[in-house]
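Laboratory data are not the source of any read-out in this text; all were calculated from the coordinates shown. Please read all numbers here as calculations on a predicted model, not as lab measurements. Cβ coordinates were reconstructed from backbone atoms using ideal geometry, including for glycine residues, and neighbour counts include every protein chain displayed.
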């Protein structure tokens, strides 16, 4: 009975942290879903253009997440330790890291955006215009660039609040932003109530507006409640931080940044490999990703919650609690993801019908959804393994575990099967997904051995 109570408590604690993150990230992804469906009413070219640009910007998003995650390990442990000065230094380092990522990202997109979009347009598909898709993608990207700064700044605050165990404010900010996006999508994409009909450009403008609103809500609200967040009081009194401390956090966090960046790049490369089978594949993947990304926030949020809980345990030198929590939450997350599998399989026929596209694209979209759904429990467990290892600072292991595997195994496998076999793209997609079973075995062994159990901020 006592053990059952302990298990229930850890589940409640994880859900307390994870559910607001699920809602916030789900709402953030809802912005993309709303754009996707509304633009999908304009035709296959418009939908494909937005999808390709979304894949490219996703790499930037993951670079931001990766850049902030390394310092975030220390943020959670400093908070668990009660070290205000250490926490503030983490926040200031996040400002510097984000500024560099935004500068580099905008430079790359401005200088080479058109060429990057063109990488996905080498295939052929009846009834689709590659030149028109490229033009719409370029127009969409140029406007979306204005949303990179507010997105990055929001993540600094949202991540810091979560490290303090507060995930409600980022969630509310996300809810407000999605309403802004929906309203202005309707007005600007289709030209309603006297607004100009801007189509994909209108979708981009609406998304940028939503990003700015989200940033303002979370920043202003946080500082209006500064008594509750003493760790952030005087945070802008300086932007300087001890060089030695910054160096340690950067060295520890760099593998995480590199991992997130290369992993996102790997996902983009996978999509490019699949595009060898035709432009209709990109459109089908777009339909699948739109709904699957909305639901995968469950295991992503659970992974983040696991990282925060275990990080706080490690910072307080509660090693046995950390180990027990990791084991219990692994299976709990897998169970939640199994429910998602059922939900996705049930709506696999319904969701593609919302798009004004060809029957072939709808068919591909449906089966991409089903295949992705089948592997959701595996992805959930992998996320728990990843964040458990990362919470103890084992960033080199997570780098090998995630990015190296993606490029060496997944991308290589997809490229070989798409280039040198006549296998249909759905079979290729399923085979690439199944390769992750190797990581499940490796992750289970590493977590079970406790190689991650380390207090990084011990005095």
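Between residue 224 and residue 85, the modelled label-to-label distance comes to 3.3 nm, taking each label 7 Å out from Cα in the direction of the beta carbon. Computed across the chain, the Kirkwood hydrodynamic radius from all distinct Cα-Cα pairs reaches 22.5 Å. Fully extending the segment from residue 16 to residue 324 would add 109.1 nm, taking 0.36 nm per residue of separation and subtracting the current Cα-Cα distance.
Residue separation of residue 346 and residue 400 scaled by 0.36 nm, minus their Cα-Cα distance, works out to 15.9 nm of gained length.
Working from Cα positions, state the angle (0 to 90°, nearest 10) between the long axis of helix 84-118 and the longest principal axis of the chain. That works out to roughly 20 degrees.
Distance from the Cα centroid of segment 130-180 to that of segment 397-439 is 29 Å (rounded to whole angstrom).
Among 343, 101, sorting on how many other beta-carbon atoms sit within 10 Å of each Cβ, with the fewest leading, yields 343, 101. The label point for residue 438 and the one for residue 233, both projected 7 Å from the Cα toward the Cβ, are 5.3 nm apart.
Relative contact order of the chain: 24 percent, from C-alpha pairs under 8 Å at least 6 residues apart in sequence.
Specify the angular offset, from 0 to 90 degrees and rounded to the nearest 10, of the alpha carbon long axis of helix 2-40 from the longest principal axis of the alpha carbons in the chain. Computed tilt is about 30 degrees. Each of 230, 166 was scored by other Cβ atoms within 10 Å of its Cβ. Arranged with the fewest first, they read 230, 166.
The fewest-to-most ranking of 395, 107 by surrounding Cβ atoms within 10 Å reads 107, 395.
Calculate the FRET efficiency for residue 408 and residue 168 from the Cβ-Cβ distance with a Förster distance of 41 Å, rounded to the nearest 0.05.
0.55
Round to the nearest 0.05 the FRET efficiency obtained for residue 316 and residue 190 when R0 = 56 Å and r is the Cβ-Cβ distance. Taking R0 as 56 Å, the efficiency between residue 316 and residue 190 is 0.55.
Segment residue 451..residue 142, full-extension length gain: 106.7 nm, with 0.36 nm per residue of separation and the alpha-carbon distance subtracted. Computed over segment 186-262, relative contact order equals 12 percent, with contacts defined as Cα pairs under 8 Å that lie 6+ residues apart. Within segment 89-108, name every residue whose backbone N is under 18 Å away from a label modeled 7 Å from Cα of residue 240 along the Cβ vector. The answer is 89-97, whose backbone nitrogens lie closer than 18 Å to the label point. Per-peptide packing, taken as the mean over residues of other Cβ atoms within 10 Å, places 347-353, 34-40 in the sequence 34-40, 347-353 from highest down. Between the helical axis of 168-190 and the longest alpha-carbon principal axis of the chain there is an angle of about 10 degrees.
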